[in-house]
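These notes concern the structure reproduced below.
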């Protein structure tokens, strides 16, 4: 069965795939055939099966693989091409997902600061204690995303505590089925500006404040692993100016017009930009967006 994410293209993808799903040897598969299937987002298994059942009318080399990868071809599809072209098949990375995981600041203390996480207008849920949730369906890839954290304290409270929110890519370890953190992209706390005294919470915004919503704007490129630093690499180094744990702004770096994943974290501080640089003149643009309702001046410095 052929699956296509955009229903408006389903019939086109079905017709093209059906035309290619002829008996092996009926016709050679062209590079444009493969490219079209990738662009139409036909299911990876279907594309790979089609490649393995047909002769190729083109030579498989690293330049071709790079072109198709840039167009969106998965490792499964690229490996099918490698196999048909007589090249070495690379190991397939485990399936990854974007996840938010939440932890209490004090792991043995009750948390009275409860928060609702909202991504691009959709509620992910209300967080009260340790929680993990996949969020792929809420995030927009290669686009700006708006993340809101609405916090309401339970009054009166027996103690002060807070929640740590971290968003990043994870995968399941095959032997244990446990989630393994691959990369932490963004993190923030829900107690920014809240003060606890005599069993009650007040906020720096004013004595009558009953709830506070922090608004973060982040650019999400995707979960492609960021390159590790090697000798001779050019990097962007990010640090927080203040001592608090949540930045008062988000920083997005553009290299020659290409946006990279936003900085908003104490964990992710170094980004290799060598792949996007070219000989001669280069343009690096930095976009800073303030976090709504954070009063601390804890800007990100590069």
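The values are calculated or read from the model by the stated rules, or taken from the named source; none is laboratory data. These numbers were taken from a predicted model, which means no experiment stands behind them. So basically every Cβ, Gly included, is an ideal-geometry build from the backbone, and we count neighbours across all protein chains shown.
Residues in the range 96-119 that are outside any strand (DSSP E or B) and modelled with pLDDT of 95 or more: 111, 112. When the range 102-125 is filtered for residues that are touching a strand residue (DSSP E or B) at 6+ places or on another chain (Cβ under 9 Å), more than 27 Å from residue 142 (Cα to Cα) and surrounded by fewer than 20 Cβ atoms within 10 Å (Cβ to Cβ), the ones remaining, listed by number, are 103, 104, 105, 110, 114.
Inclusion of residue 140 among residues that are closer than 30 Å to residue 42 by Cα, at pLDDT 95 or above and out of contact with any helix residue (DSSP H, G or I) (no Cβ under 7 Å at 6 or more places or on another chain) is warranted.
Does the range 234-243 hold any residues that are surrounded by fewer than 16 Cβ atoms within 10 Å (Cβ to Cβ) and touching a strand residue (DSSP E or B) at 6+ places or on another chain (Cβ under 9 Å), and which are they? Those that are surrounded by fewer than 16 Cβ atoms within 10 Å (Cβ to Cβ) and touching a strand residue (DSSP E or B) at 6+ places or on another chain (Cβ under 9 Å): 234, 235, 237, 239, 241. The condition (being surrounded by 16 or more Cβ atoms within 10 Å (Cβ to Cβ) and either assigned to a strand (DSSP E or B) or free of Cβ contacts under 8 Å to residues at least 40 places away in the same chain (or both)) is satisfied by just one residue among 77, 60: 60. In summary, residue 61 fulfils each of the numbered conditions (1) under 30 Å from residue 209 (Cα atoms); (2) at pLDDT 90 or above with the single exception of condition (1). Taking every residue in the range 189-203 that is at negative phi and not assigned by TED's automatic domain parsing to the domain that holds residue 296 and pairing it with any residue that is at pLDDT 95 or above and part of a loop (DSSP other than H, G, I, E, B), at least 6 positions away or on another chain, yields no pair with a Cβ-Cβ distance below 9 Å.
Residue-by-condition table, conditions (1) at pLDDT 95 or above; (2) loosely packed, with under 12 Cβ neighbours inside 10 Å:
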| residue | (1), (2) |
| --- | --- |
| 187 | yes, no |
| 226 | no, no |
| 229 | no, no |
| 232 | no, yes |
| 256 | yes, no |
| 264 | no, no |
| 270 | no, no |
| 276 | no, no |
